[in-house]
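Written out below as structure tokens is the structure these notes cover.
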Amino acid sequence: MDLEFTKADLDFRDEVRTFFEENLTDELRQAGRMTASIWIDPEYSLAWQRILHERGWAAPSWPVEYGGPGWSDTQRYLYALECARAGTPLAAPMGLGMVAPCIMGYGTEEQKAYYLPRILSGEDYWCQGYSEPGAGSDLASLRLQAVSDGDDYILNGTKIWTSQAHVANKMFLLVRTNNEGKKQTGITFLLMDMDIPGVEVDPIINLAGEHELNQVFFTDVRVPKANRVGEENDGWTVAKYLLEFERGGGTSAGTEIRLARIRANLLENAPDDSTLFAQLADLERRFEAVKMTELQILSSLVSGESPGSAAAMLKIVRSELGQDISQFAVETAGPYAYAVQHEARVPGSNVEPVGPSDFLALMPSYLTGRASTIAGGSSEVQRDIIAKAVLRL
Ligand SMILES: Cc1cc2nc3c(=O)[nH]c(=O)nc-3n(C[C@H](O)[C@H](O)[C@H](O)COP(=O)(O)OP(=O)(O)OC[C@H]3O[C@@H](n4cnc5c(N)ncnc54)[C@H](O)[C@@H]3O)c2cc1C
């Protein structure tokens, strides 16, 4: 197997690198490096998305017909590596990475024409209304009622753990349109504006003291039937398709950079500690396995297949590895990791970090990352999926 990049690949990498050097401001770079999770304040993530959009690079994995750049697997892989290397702010995944593939796959021509350009340009910022109190792992038990009324549905109920609902202007959500029969067959997938009457967003503050999560309440909320994706009562099909993108999407390119930073820190501060280097080598070995699985998923996406059960495997190993790396990073950073300085992480802040600035986001990342084995489907539930779909147990 030839693992060398071709000259054309390297030229492409240089083109991306140069573009980032010329367009990624210090402020945007700091917003990317200082984030404790996948969420970056839309002020920065959308500003960066607009710059990428002008260059035609906002959606590396979209088909060309909808505005994707038409890159090869290798190019997308190199691009993700360059993003991680430069510390670019991450684009919010709900729009570009989750609802967009569903609209492409199941939406009407009108929905495609209206929503996809707005997602691409960053005009719309999406959140995901799947989970409810009592309906997380067992998502099909969801109860938010949508009652038919002429050309609209009228929604009553609640969604919980809704990431970024407080900043999103759109939500894709699952609602119950039929209470009879098997619970999966009474669900419908809708697209909704957040600023309509009857929608109330209450904050939930996480372990790291950050506001990412919310509970959303619906009181007689009117959503046009034209905003339905797929058939009434067939939303489960769309919902499952989207979950594959949620669980299989993203890359671990940032992990490679994190591991390299930890190695550099150890070389500088504990060069003779063989126990720590052995632990680091184990994390690096696990990372290689994740990287190979990602490449496998990437190639199935390119050939038009959905990620399938490999997405469930990746979700488990990537989230568990991420948690172990952030724990190791905190332990090896020593006392500096314990100085939580939220203000010093804000781009342009004049608050002096007490330790190296690279350590500022370690503790918030560690605390926020505890949720990664729950969000998007818990590890236990992912293992159930693998047991059934792969091992046929
Ligand atoms: C940080 C974060 C962000 C999130 N963002 C969103 C969002 O934007 N939109 C959204 O809709 N949802 C979101 N969620 C919700 C997330 O999808 C749910 O938390 C998740 O599906 C688990 O559901 P639950 O919290 O109801 O836990 P439960 O389903 O009640 O599970 C509780 C425990 O029981 C275990 N368990 C449950 N069923 C089984 C089983 N069959 N076999 C073995 N063990 C089982 C679980 O693994 C878990 O340990 C987010 C959650 C977090 C933590």
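The values are calculated or read from the model by the stated rules, or taken from the named source; none is laboratory data. This is a predicted model, so every value here is computed, not measured. Methodologically, a virtual Cβ is constructed for each residue, glycine included, from the backbone with ideal geometry; neighbour enumeration extends over all protein chains shown.
Points worth noting:
- In segment 149-176, of all residues being out of contact with any Ser or Thr (no Cβ under 6 Å at 6 or more places or on another chain) and on the phi > 0 side of the Ramachandran plot, the one that is nearest to the ligand (Cβ to nearest atom) corresponds to GLN164.
- Failed item in (1) buried (at least 21 other Cβ atoms within 10 Å of the Cβ); (2) closer than 25 Å to LEU360 by Cβ; (3) without any contact (Cβ under 8 Å) to a residue 60 or more places away in the chain, with ALA31 passing the rest: (3)
- Only one of the listed residues (TRP62, TRP48, TRP39, TRP71) is closer than 30 Å to MET363 by Cα and assigned to a loop (DSSP other than H, G, I, E, B). That residue is TRP39.
- For segment 338-393, a residue qualifies if it is within 14 Å of the ligand (Cβ to nearest atom) and of a type in the set (S, T, N, Q), and the qualifying residues are SER365, THR368, SER372, THR373, SER378, SER379, GLN382.
- Screening segment 197-213 for residues that are of a type outside the set (D, E, K, R) and under 23 Å from TYR153 (Cα atoms) and picking the one that is farthest from the ligand (Cβ to nearest atom) gives PRO197.
- Answer residue from segment 1-36, given it is of a type in the set (Val, Ile, Thr) and not in a helix (DSSP H, G or I) and is nearest to ALA337 (Cα to Cα) among those: THR35
- Filtered residue count, segment 187-196, keeping only those that are touching a helix residue (DSSP H, G or I) at 6+ places or on another chain (Cβ under 9 Å) and either more than 15 Å from the ligand (Cβ to nearest atom) or of a type in the set (Lys, Arg) (or both): 2
- TYR115 closer than 19 Å to GLU231 by Cβ, touching a helix residue (DSSP H, G or I) at 6+ places or on another chain (Cβ under 7 Å), outside the structural domain of VAL199 (by TED's automatic domain parsing) and crowded, with 21+ Cβ neighbours inside 10 Å: yes
- Segment 93-130, subset within 16 Å of the ligand (Cβ to nearest atom) and in a loop (DSSP other than H, G, I, E, B), residue nearest to VAL238 (Cα to Cα): TYR130
- Residue count for segment 131-148, restricted to those that are near the ligand (Cβ under 8 Å from one of its atoms) and in contact with an Asp or Glu (Cβ under 9 Å, 6 or more places away or on another chain): 2
- Search result, residues across segment 178-210 that are of a type in the set (Ser, Thr, Tyr) and surrounded by fewer than 23 Cβ atoms within 10 Å (Cβ to Cβ): THR185
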